[in-house]
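The values are calculated or read from the model by the stated rules, or taken from the named source; none is laboratory data. Computed from a predicted structure; not experimentally measured. When we count neighbours, we look across all protein chains shown, and the Cβ atoms used for this are built from the backbone with ideal geometry, even at glycine. Quick note on the areas: whole protein, heavy atoms, side chains included, nothing else; ligands and nucleic acids left out. Shrake-Rupley method; radii C 1.70, N 1.55, O 1.52, S 1.80 Å.
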2 protein chains.
Amino acid sequence: MENEPRFEVVPVGWVESPLTERAQAPRQGDEGAPPAWLAFEAAVAEAIRDIRPGTEVLVLTWLDRARRDVLVTRPRDDPDRPPLGVFSTRSPDRPNPIGLHRVQVVAVEGSRILVHGLEAIDGTPLVDVKPVLGGVAER
Amino acid sequence: MENEPRFEVVPVGWVESPLTERAQAPRQGDEGAPPAWLAFEAAVAEAIRDIRPGTEVLVLTWLDRARRDVLVTRPRDDPDRPPLGVFSTRSPDRPNPIGLHRVQVVAVEGSRILVHGLEAIDGTPLVDVKPVLGGVAER
């Protein structure tokens, strides 16, 4: 892949969480993650202006402590499970370490959003936020 | 955001689709997208080795024709809808134009995967594939 194009991800904000080590973080956000703040850059304040408390959103992060050279891994580090190609796992270790997190919005204060259910650790760069899509009729 | 770190996305493959123009593409994959191939780089063949026909997966793309300077947009280009911050929409135009697509795997042939329900246009870079997460008990 040496001659392929590259694309540049620019962080739009940062996770603020009591989780500071990857080993502390739950495997998924619905497995005991503490409340966390999404602290957005002032430059993207307009992009978050319609996010409301009580809704669920998808948060995309850049898992900057992950390994990008891992293609096969053992799910949940469980020695009783067979290894799997990383595209069949949610492991942070993968060629482009983008985290995908479904979280609940609890509060919005200026350019900061308090969420429940985010397992990313403190300082993780924020890449994008998307609404959870309902059925076709709701769009 | 001038002094912030940047991260580099390396395409892991490319979309092959009869859709060649953004104006042709349906708004979402379940609104009439034709079958498409995910053509992966040989270097990541191990990462896809456990993807099976009949399953649903999440595909992440880099929407390289999108505008990155748009923060507010009108959903579905509908003049009867109020403009929304892009983080409350699935518009391709957003600071980091990552597409998130839930698709059905129809066939796997070597490093190529045939999927239904992908609205991305021909030549769109592939960034990642993730399993759809079931309930906690299934993980």
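Structure above, values below:
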quantity: Gaussian network model of chain B, springs between alpha carbon atoms under 10 Å - residue of B:V127, B:V70, B:V59 with greatest fluctuation; calculated: B:V70
quantity: Residue order for A:D50, A:D80 - accessible surface, 1.4 angstrom probe, largest first; calculated: A:D80, A:D50
quantity: Rounded accessible area of A:E46 (nearest 10 Å², 1.4 Å probe); calculated: 90
quantity: Largest to smallest accessible area among A:W37, A:W62 [probe 1.4 Å]; calculated: A:W37, A:W62
quantity: Cβ-vector label at 7 Å, A:E56, separations to other copies in nm; calculated: 1.2
quantity: Note, ³J(HN,Hα) from phi for the stretch A:17-25, Karplus 6.51, -1.76, 1.60, rounded to Hz, x at Gly and Pro; calculated: 9, x, 6, 10, 10, 4, 5, 7, 6
quantity: FRET efficiency, A:R65 to A:E31 (Cβ-Cβ, R0 25 Å, nearest 0.05); calculated: 0.85
quantity: Furthest towards positive pole of dipole, A:V10, A:T55, A:P79, structure part the stretch A:1-116, Cβ charges; calculated: A:P79
quantity: Highest-fluctuation residue, A:G117, A:G29, A:G54 considered, GNM on chain A with Cα pairs under 10 Å; calculated: A:G54
quantity: Under the Karplus curve 6.51 cos²θ - 1.76 cosθ + 1.60, θ = phi - 60°, whole-Hz ³J(HN,Hα) for the stretch B:48-62, x wherever Gly or Pro sits; calculated: 9, 4, 9, 7, 10, x, x, 9, 9, 9, 9, 10, 10, 10, 10
quantity: Cut-off under 5 Å, modelled amide H: who pairs with A:G99 long-range; calculated: A:T61, A:W62, A:L63
quantity: A/B buried area, accessible surface, summed, 1.4 Å probe, Å²; calculated: 5500
quantity: Accessible surface of B:F7 - all protein chains present, 1.4 Å probe, nearest 10 Å²; calculated: 40
quantity: Apportionment of accessible area to carbon and sulfur, the stretch A:73-119, percent (1.4 Å); calculated: 47
quantity: Scattering curve values for chain B, log₁₀ I(q)/I(0), Debye with Cα scatterers, q = 0.10, 0.13, 0.20 Å⁻¹; calculated: -0.37, -0.62, -1.23
quantity: Integer Hz, Karplus 6.51/-1.76/1.60 couplings in order for the stretch B:28-41, x for Gly and Pro; calculated: 9, x, 8, 10, x, 6, x, x, 9, 9, 9, 9, 8, 4
quantity: Shortest-first distances to equivalent copies, position B:V108, nm, label 7 Å out along Cβ; calculated: 4.1
quantity: Ascending list, in nanometres, of distances separating the A:G32 label from those of the other copies (7 Å, Cα toward Cβ); calculated: 4.9
quantity: Shape metrics for the protein assembly as shown, restricted to C-alpha atoms - Rg then Dmax, Å; calculated: 18.0, 55
quantity: Net +/- balance of residues flanking A:W14 in space, Cβ distance below 11 Å, scoring K and R +1, D and E -1; calculated: -4
quantity: Gap separating the Cα centres of the stretch A:41-91 and the stretch B:87-132, nearest whole Å; calculated: 16
